[in-house]
Ligand SMILES: [Zn+2]
């Protein structure tokens, strides 16, 4: 079990694990809760320390229900970034039904925070200048399942807010820290070019193909409103249907692995190099 943050040139699964543990120590973080607010402060503090400009976007999907997305950019404030890296930070359930959401919530957030540290290093300046980090509120539905009216509140609002100023691409992370996870990118709402880039990255890193797969279907997740608006999206999401931990109290730190978080982080860095690394002067 890692004990303290390390300063490395590349993505550290240990650091991401520590972020995940610190976030979970706040308890369940459903939208509107005090723990949700505390985690927003944690995200802000961690990113500002690395030189990111953090902005909190408050919105009200319906009267009396305030939600908050967190955005961060590196360097100049102006201009739409080509690539959006996102996750959701709210966790499922309210009151005594609230779950900890170590994987379904904190894992993507932990990877994004560690990516924030790595991207802030001078050798990654070019990548960082083309990226915006977004932490969505309200991904989880109030009812049992996400529907066209319930859930994805943060991402739906964000697409609407941006209007014409949408990024070209988006990589969304959800449930990316479970030990021995199987990622299944939903092919039906992923452009073929993004599927190819994903397979190329898995291959380049020598990750096991049986655990980094394509899912022949689609998911309601935060990439969806962006995909529908024409953004080239890639949703990295672990198999969860039929899993005995999903949306239960078993989704706690015992299922999280630093190795698994490390693989996800390395894969995202590889994708960023492939998608943003070549000279793009436009
Ligand atoms: Zn969920």
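Coordinate-derived values only; no laboratory data. Small disclaimer: the values here were computed from a predicted structure and weren't measured. Cβ coordinates were reconstructed from backbone atoms using ideal geometry, including for glycine residues, and neighbour counts include every protein chain displayed.
Among 250, 81, sorting on how many other beta-carbon atoms sit within 10 Å of each Cβ, with the fewest leading, yields 250, 81. With springs connecting C-alpha atoms under 10 Å apart, model the chain as a Gaussian network and identify which of 196, 109, 76 has the largest mean-square fluctuation. Of 196, 109, 76, the Gaussian network model singles out 76 as fluctuating most. The modelled label-to-label distance for the pair residue 179/residue 149, using points 7 Å beyond Cα in the direction of Cβ, is 4.3 nm.
Taking every DSSP beta bridge that has both ends in the chain, the antiparallel portion is near 40%. Length available on full extension from residue 38 to residue 3: 0.36 nm per residue minus the Cα-Cα distance, which gives 10.4 nm. With each label modelled as a point 7 angstrom along the Cα→C-beta vector, the residue 60-residue 259 pair spans 5.0 nm.
The tail of the calculated P(r) for the range 13-276, taken as Cα-Cα distances beyond 30 Å, holds 18 percent of the pairs.
Cβ crowding within 10 Å ranks 273, 247 as 273, 247, fewest other Cβ atoms first.
The mean sequence distance of close C-alpha pairs (under 8 Å, at least 6 residues apart), as a share of the length of the range 13-276, puts its relative contact order at 24 percent. By the beta-carbon count within 10 Å of each Cβ, the least crowded to most crowded order of 10, 182, 233, fewest first, is 10, 182, 233. The range 130-166 and the range 30-60 have Cα centres spaced 16 Å apart. Kirkwood hydrodynamic radius of the range 70-128, from the reciprocal of the average inverse Cα-Cα distance over all distinct pairs: 13.4 Å.
Based only on Cα atoms, what mean projected area does the convex hull of the range 1-79 have, in nm²?
Average projection, Cα convex hull of the range 1-79: 7.0 nm².
For the range 42-89, the spread of Cα positions along the three principal axes, ordered from largest to smallest, is 35, 24, 18 Å. Separation of the range 219-282 and the range 1-22 by C-alpha centroid, Å? For the range 219-282 versus the range 1-22, the Cα centre distance is 18 Å. Most simply put, the range 148-282 has about 15% antiparallel DSSP beta bridges, counting only bridges with both residues inside it. On alpha carbon coordinates alone, what is the Rg over Rh value for the range 7-157, Rh being the Kirkwood radius? Radius of gyration relative to Kirkwood radius: 0.97. Computed extension gain for residue 48 through residue 274, at 0.36 nm per residue and net of the alpha carbon distance, reaches 78.7 nm. Using a/c under 1.5 as the rounded threshold, could you call the range 139-257 rounded, prolate or oblate? The axes a ≥ b ≥ c are square roots of the C-alpha gyration tensor eigenvalues, and prolate needs a/b larger than b/c, oblate otherwise. Oblate, because a/c is 1.5 or more while a/b does not exceed b/c. Modelled this way, with points 7 Å down the Cα-to-C-beta line, the labels at residue 205 and residue 76 are 3.1 nm from one another. Once the Kirkwood radius over Cα pairs is known for the range 192-282, the Stokes-Einstein relation at 10 °C and 1.306 mPa s delivers a diffusion coefficient of 105 µm²/s. Computed extension length for residue 252-residue 121: 44.0 nm, one decimal, from 0.36 nm per residue of separation with the Cα-Cα distance subtracted.
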